[in-house]
Amino acid sequence: MVERVLIANRGEIAVRVLRACRSMGLEAVVAPSEADRESRAVLMADESICIGPAESARSYLSTASVISAALVSGCDAIHPGYGFLSEDDGFAEMTRAHDLTFIGPSAEVLERFASKAGTRELLAGHGLPMVPGSDGMLRDDEHALSEAARIGYPLLIKPSAGGGGKGMRMVRTPRELQQALTVCRSEARAAFGDDSLYLEKWLERTRHVEVQVIVDNYGSGVHVGERDCSVQRRHQKIVEEAPSPAIDDTTRVELAEAAVRAAVAAGYQNVGTLEFLVDGEGRYYFIEINARIQVEHPVTEMLSGIDIVAEQIRLASGEPLGYGQDAVRLRGHAIEFRINAEDVKGDFQPQAGVVERYVPPGGAGIRMETHLYSGYDVPPYYDSLLGKLIVWGPDRDSAIARSRVALRELLVEGIETNIPFHRAIVEDQTFLSGDFDTNLLDRKGAAAFLSALPTDDAA
Amino acid sequence: MTDDPTGRRPAPDIDDPSVGLDELTEEILPALIARLRAGRLGELEIRSHGWRVRLRRDGAATATSGAASGTSADGDSPPEIGARGVARSPAVGYFSPASGLVIGHTVQAADPLGRVDVLGIVQDVSAPTGGIVSEVLAEAGQAVEYGQALAVIDPLVPEFDAGSDEAAEDGSPAAAA
């Protein structure tokens, strides 16, 4: 087992990993950028080591700085969190070359699953159904147009690298396709340093359902059920829940088993998530794998009681899984609300500044994962996630009832947040019905949600 | 030497205290101040001609007249020294000082003060300002983080004449009398 872990990330996930390390009796060193010296993880940690300036490219994304920090602070492992270097096979390789344990899949596994197109091909070979799409990457506009004609419109243009909606566009006509290709290429190049794109058939009214898998280095794996992440705004997840209200129990089991079977067969290792689109008829299509811990992992932890971050560390240390699918029991319903520093009335513009007051909610089934504290100065350099409120209940209705209470209690003052928006979502009839797709928020519009709120809440 | 309970009157060994005073203000004090600025010492004390002079760091030079009494009238809160430069680590790694990084040495702005080794790639540490190296805060082979203070550079003789005159006058027997 590793003994001393460098936490090469920031925000709420740095706090989450720090807690996992401590609960396992491991030492942890937090590696902040200069802008995060006063962050919660640093204040909580026994030790921290600053790796660079605020600019991510010279701190959280600097392979040499992160590994150097691990070495000079006497660590034997690096936890990359999510984003930043978490799925970078070159970083994983360099970590290993310095006799450090990378907490995640090995460099070979990351490389095998690095390309989305390559992963789709690989997992299709292991029985996962795919969304009809282009044959490999688009070589040029002409290739794009001919592939589009073959698949049929509407289509989604997607970048091979990265995620989070950057470089992605839905197009309905050849003309739209041609116009969007240029924009998507430059967005993808700017965001991921790679402008390769591919096409996928746009499926109307789909839901985003993903399966959590845990696989050891010896070919044993389990799934920990699915999460439904259909509440999105411009392809960004905002609310996640489990189990998915959209699929029946037969499909649920079939999907999860197909996912873990394919992942194990394809040689996947450590903790990972297989993302699917599910259409109105309950048909599922594989879209991509996330070879890292995900923001929404606590939803699954609430149902299973499994500490997924601890599992990452344990398996990366070379321990066998040690339990089978029968040991994984999922109970109740959990919902996660992503609390973002955003001005919901100002087109969700990211906010920065001092949090004058933070008061977390409490009660049965309530969990906050956050780096907030009263007086914390949210730096403007990074993403707007301030934390997550996760609410568990024995069933969906009780989880929603508890969510309403918790969202009322949760106070973040001093900067604008999307908490009012969440308060509106848990009152929305479509959300409550459970029958909605990933286009719910964008079709209805944020203003419509907010106007439905009692006036003092919408403020 | 006799005790003076007030601590204000000097008890010089020689007849004319002003003789010692001239030497003190014109030769001894400036030399002491320069030495204090260049060195690592926080405080200096010297006895001469029945005077005891104590100088404290941070740009406040206090001459005191309580020769025999042992009391020393340290100045009020010392004024900030101007344009003090701190050389910081450009990266996280192991530090190795340059040969010129010695307390008391004069450096020019951008002079190399050392290097930080980041996985075998060396990054230079350079002097942020010209002046005298007054503090060295990291040793050879020490692990340093990004932004860590490695050395302090004090400016070269920033008009200390005014300061020392003032200090001498304040502490002179004439002023005290």
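The values are calculated or read from the model by the stated rules, or taken from the named source; none is laboratory data. The model shown is predicted, which means the values in this text are computed figures rather than measured ones. All Cβ positions, even for glycine, are placed from backbone atoms using ideal geometry, and neighbour counts span all protein chains on display.
Annotations
- Residue pairs whose Cβ atoms lie under 6 Å apart, separated by 6 or more positions or on different chains, with the first residue in segment A:52-72 and assigned by TED's automatic domain parsing to the domain that holds A:MET94 and under 13 Å from A:PRO32 (Cα atoms) and the second surrounded by 24 or more Cβ atoms within 10 Å (Cβ to Cβ) and aromatic (Phe, Trp, Tyr), are A:GLY52/B:TYR146.
- Failed item in (1) of a type in the set (Gly, Ala, Ser); (2) outside the structural domain of A:ALA424 (by TED's automatic domain parsing); (3) out of contact with any Leu (no Cβ under 8 Å at 6 or more places or on another chain), with A:SER196 passing the rest: (3)
- A:THR251 vs. criteria outside any helix (DSSP H, G or I), in contact with a strand residue (DSSP E or B) (Cβ under 8 Å, 6 or more places away or on another chain) and within 26 Å of A:HIS126 (Cβ to Cβ): no
- Residues of segment A:66-108 that turn out to be part of a loop (DSSP other than H, G, I, E, B), touching a helix residue (DSSP H, G or I) at 6+ places or on another chain (Cβ under 7 Å) and within 12 Å of chain B (Cβ to nearest Cβ), as a count: 2
- For the criterion of being crowded, with 23+ Cβ neighbours inside 10 Å and either away from chain B (no Cβ under 14 Å) or touching a residue at least 24 places away in the same chain (Cβ under 8 Å) (or both), A:ALA31 passes.
- Selection of segment A:41-63 for residues being farther than 14 Å from B:GLU145 by Cβ and within 8 Å of another protein chain (Cβ to nearest Cβ) yields an empty set.
- Scanning segment A:10-28 turns up no residue that is free of Cβ contacts under 8 Å to residues at least 40 places away in the same chain and within 14 Å of chain B (Cβ to nearest Cβ).
- For segment A:334-374, a residue qualifies if it is modelled with pLDDT under 95, surrounded by 13 or more Cβ atoms within 10 Å (Cβ to Cβ) and over 22 Å from the mean Cα position of the chain (by Cα), and exactly one does: A:LYS345.
- Against the conditions (1) assigned to a loop (DSSP other than H, G, I, E, B); (2) within 25 Å of A:HIS208 (Cβ to Cβ), A:LEU432 satisfies every one except (1).
- Filter pass, B:LEU101 being assigned to a strand (DSSP E or B) and aliphatic (A, V, I, L, M): no
- Of the strands (runs of 3 or more DSSP E) lying entirely inside segment A:287-383, those carrying at least 3 residues that are touching a residue at least 60 places away in the same chain (Cβ under 8 Å), assigned by TED's automatic domain parsing to the domain that holds A:ALA263 and of a type in the set (A, V, I, L, M) are A:333-340.
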